[in-house]
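Structure, as structure tokens:
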Ligand code: SIN
């Protein structure tokens, strides 16, 4: 697609693009919306710099893709129950999301996308890595693909997989119920908009495959996790104050790099679009 209202600059071979030419503090035209949507599907993870946004602006931009969704374990900021703050203070050592994963795969309808808005960035560090799960699937052997195509994953939030300690700046909820959040999804999903197959296994939440024991499943989960985050499948989003990022959880995993101790990093985070996995 030739873009007329935005510029789109890929940031890596596998995925990721920087978009420029839009002001998200105002409603977008239909053409801007359609071009950004196209870039999102094509590049899997996008970001736009120098945005001055409030909660309403984020909700409006999210709704161009789907209705904002809820994270089950954190209260939203005042007036925006779905939008919550991720904050790491200079005296804290743990961060949130510092392991490869796709978001909340233990829900029956996980969010199609995750939006992050950077309100305060460390001077250096604090990037988010993203990994392309279409490529992860496509580069497996035919035999492995055949086997995975028939597998169902079991995904859990139990056993402190929600990172209670890392989340201590947030008002948490439901943390005594994490074991109840268990879902089953295909290990290989078909993206409903692109029609492409993507690997949907992550060692953070995939506790086993259905009809298999955890001991049988975990070596395969570990292999797939190492495979699906090979360097050539990844890109890094470098945050600056005012950067708005959006990645597609249907074809991406992400990892928040914890390399900025002694500095503050503040993000607003909004899950977008609860959808059954097919
Ligand atoms: C997460 O959603 O896992 C955190 C991402 C980040 O803070 O970069």
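When only residues in the range 99-128 that are near the ligand (Cβ under 10 Å from one of its atoms) and assigned to a loop (DSSP other than H, G, I, E, B) count, which is farthest from residue 276 (Cα to Cα)?
Among residues in the range 99-128 that are near the ligand (Cβ under 10 Å from one of its atoms) and assigned to a loop (DSSP other than H, G, I, E, B), the one farthest from residue 276 (Cα to Cα) is 126.
Suppose we keep only residues that are under 14 Å from the mean Cα position of the chain (by Cα) and not in a strand (DSSP E or B) within the range 230-274. Which one would you say is surrounded by the fewest Cβ atoms within 10 Å (Cβ to Cβ)?
257
So residue 115 ticks every box in (1) modelled with pLDDT under 95; (2) under 19 Å from the mean Cα position of the chain (by Cα) but one. Which box is left unticked?
Only one criterion is unmet by residue 115, namely (1).
Taking the range 231-245, which residues are in contact (Cβ under 8 Å) with a residue 40 or more places away in the chain, on the phi < 0 side of the Ramachandran plot, away from the ligand (no atom under 12 Å from the Cβ) and out of contact with any helix residue (DSSP H, G or I) (no Cβ under 6 Å at 6 or more places or on another chain)?
Once the filter is applied, which keeps residues that are in contact (Cβ under 8 Å) with a residue 40 or more places away in the chain, on the phi < 0 side of the Ramachandran plot, away from the ligand (no atom under 12 Å from the Cβ) and out of contact with any helix residue (DSSP H, G or I) (no Cβ under 6 Å at 6 or more places or on another chain), the range 231-245 yields 232, 234, 235, 240, 241, 244.
For the condition out of contact with any helix residue (DSSP H, G or I) (no Cβ under 6 Å at 6 or more places or on another chain), at pLDDT 95 or above and at positive phi, what is the one hit in 126, 163, 143?
126
For the range 132-147, indicate whether the set of residues that are near the ligand (Cβ under 10 Å from one of its atoms) and either touching a residue at least 40 places away in the same chain (Cβ under 8 Å) or touching a strand residue (DSSP E or B) at 6+ places or on another chain (Cβ under 8 Å) (or both) is non-empty.
no
The values are calculated or read from the model by the stated rules, or taken from the named source; none is laboratory data. The structure displayed is predicted, hence computed values, not measured ones. Backbone-built Cβ (ideal geometry, glycine too); neighbour counts: all protein chains shown.
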